[in-house]
Structure formats: C-alpha cells, structure tokens
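Before any comments, here is the structure.
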C-alpha cells in the first residue's frame with residue numbers, strides 16, 4: 001500500500017464517520033419532531049435535523065466522492081454540488097426556522113388579543 | 001469498499017425511516033406551522049437522501065436537484081410567514 005492509497009483510505013473513513021454522525025442526528029431530530037409537545041420545541045428538533053443532519057452528511061458525501069474516484073470530472077461535480085448545498089443550508093435553514101417561529105408567535109399573540117377583546 | 005457500501009445502505013435505511021416519521025407529523029400536525037416545519041425537515045432529509053443515492057449508484061447527476069429543493073423550502077418558509085404576518089406576500 002503506497003501513500004496515496006493510505007490517504008484515500010483516511011479520507012473514506014472521515015466521510016463514513018461524518019455520514020454516520022449525520023444519520024444519528026437525523027433520527028434524533030425525527031423522533032423529536034414526532035414526540036415533543038408544542039411547536040417551539042419541535043422547531044428546536046427540526047433545526048437539529050437541518051444543521052446536524054444535513055450539513056454534516058453532505059460534507060461527508062463530498063469526502064466519500066473524492067475517495068471513490070479520485071480527481072475526475074464526475075466526482076468533482078458531486079463534491080462542488082455537496083459543498084455548495086451545505087453552505088446554502090447552513091445559511092437558509094436557521095433563517096427559515098426563525099422567520100417561521102416569529103410569525104407563529106405574532107399569530108398566537110394576535111389570536112389572544114382578539115379572543116380577549118371578545119370576552120370583555 | 002465493502003464496509004463502505006454496508007454503512008451507506010444502513011444510513012439510507014435510517015433516512016427512509018426519518019422520512020416516514022416526518023410524514024406522520026405532517027399528517028397529524030395540529031397547526032399550520034407544524035405542517036410547514038415538517039415539510040422543511042422532510043426536504044432537507046430528501047436532499048441528503050438524493051446525495052446518498054448518487055454516491056451509492058455512482059451516478060452523480062441524480063444529486064442535481066438538491067439546490068432547487070433547498071431554495072423551494074426557503075421560499076415556502078418566507079411565503080407562509082409573510083402571509084400570516086402581513087396578509088400579503090409583498091414586494
């Protein structure tokens with residue numbers, strides 16, 4: 001085994017470790033979204049699934065693509081696609097969750113105000 | 001090589017199970033926002049699922065629609081929240 005094969009083996013191991021860690025986060029997030037009691041705690045679980053369960057496995061898949069084919073056009077395509085998607089998700093997933101939670105809070109306060117006004 | 005294939009198969013099965021759990025929350029969700037957050041998590045799960053299928057079948061063009069799915073999800077979030085908050089999508 002020369003040094004290039006050893007390097008590819010280490011890269012493949014890093015990729016498999018990241019994908020396995022992401023699968024753990026994803027199943028934890030799915031159970032949390034299903035079992036937690038109200039909307040705000042469910043947003044917490046879904047954000048675990050977005051950052052831990054999507055960004056980490058995409059970076060791991062980029063490592064796996066390098067270790068599969070070395071440097072050739074198809075693996076470089078998959079690597080660039082995965083890194084770009086990971087950066088995009090890292091920006092837009094917390095933004096989307098925050099926007100949605102803010103509108104849910106405003107909706108709830110507005111409903112309480114309307115029902116309080118009707119009670120009086 | 002063989003160990004890597006087995007690990008990727010197990011991870012694909014875990015992601016399929018998570019997709020079904022998100023579908024259960026999407027059907028049962030008491031409010032609109034629960035359904036939207038379930039669709040969010042479903043879409044991010046679907047992205048990783050597409051990338052895993054691409055690396056498993058060694059055909060990288062399966063993973064092409066990942067960025068489109070991510071942007072549609074973000075558009076769904078902002079549209080729902082702006083409609084609820086202002087009654088309009090706006091400019």
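Where a number appears in this text, it was derived from the coordinates with a stated rule and is not lab data. Owing to the predicted nature of the structure, the values given are computational and were not obtained by experimental measurement. For neighbour counting, all protein chains shown are included, and Cβ atoms are generated from backbone atoms with ideal geometry for every residue, glycine included.
Fewest first, what order do B:31, A:47 take by the number of other Cβ atoms within 10 Å?
Neighbour counts put them in this order, fewest first: B:31, A:47.
Between the helical axis of B:2-28 and the dominant principal axis of chain B, each derived from Cα atoms, what acute angle in degrees is found, rounded to the nearest 10?
20
If you fit an axis through the alpha-carbon atoms of helix B:32-57 and take the longest principal axis of the Cα set of chain B, what angle between them do you get, 0 to 90°, nearest 10?
In chain B, helix B:32-57 runs at an angle near 20 degrees to the longest axis.
Compute the angle between helix A:3-35 and the longest alpha-carbon principal axis of chain A, please, reported from 0 to 90 degrees and rounded to the nearest 10.
Long axis of A:3-35 versus the principal axis of chain A: about 20 degrees.
Would you mind getting me the FRET efficiency between residue B:68 and residue A:72? Use the beta-carbon distance for r and R0 = 35 Å, nearest 0.05.
For R0 = 35 Å, the calculated efficiency reads 0.90.
Return A:48, A:114 ranked ascending by Cβ neighbour count within 10 Å, so the fewest neighbours appear first.
Listed from fewest to most nearby Cβ atoms, that is A:114, A:48.
Rounded if a/c is under 1.5, else prolate if a/b beats b/c, else oblate: with a ≥ b ≥ c from the C-alpha gyration tensor eigenvalues square-rooted, which is the stretch A:3-119?
Verdict is prolate for the stretch A:3-119.
Principal axis lengths of chain B from Cα atoms, whole Å, largest first?
55, 30, 12
Taking neighbour Cβ counts within 10 Å as the exposure measure, how do B:47, A:101 sort from fewest upward?
Starting with the residue having the fewest Cβ neighbours, the order is A:101, B:47.
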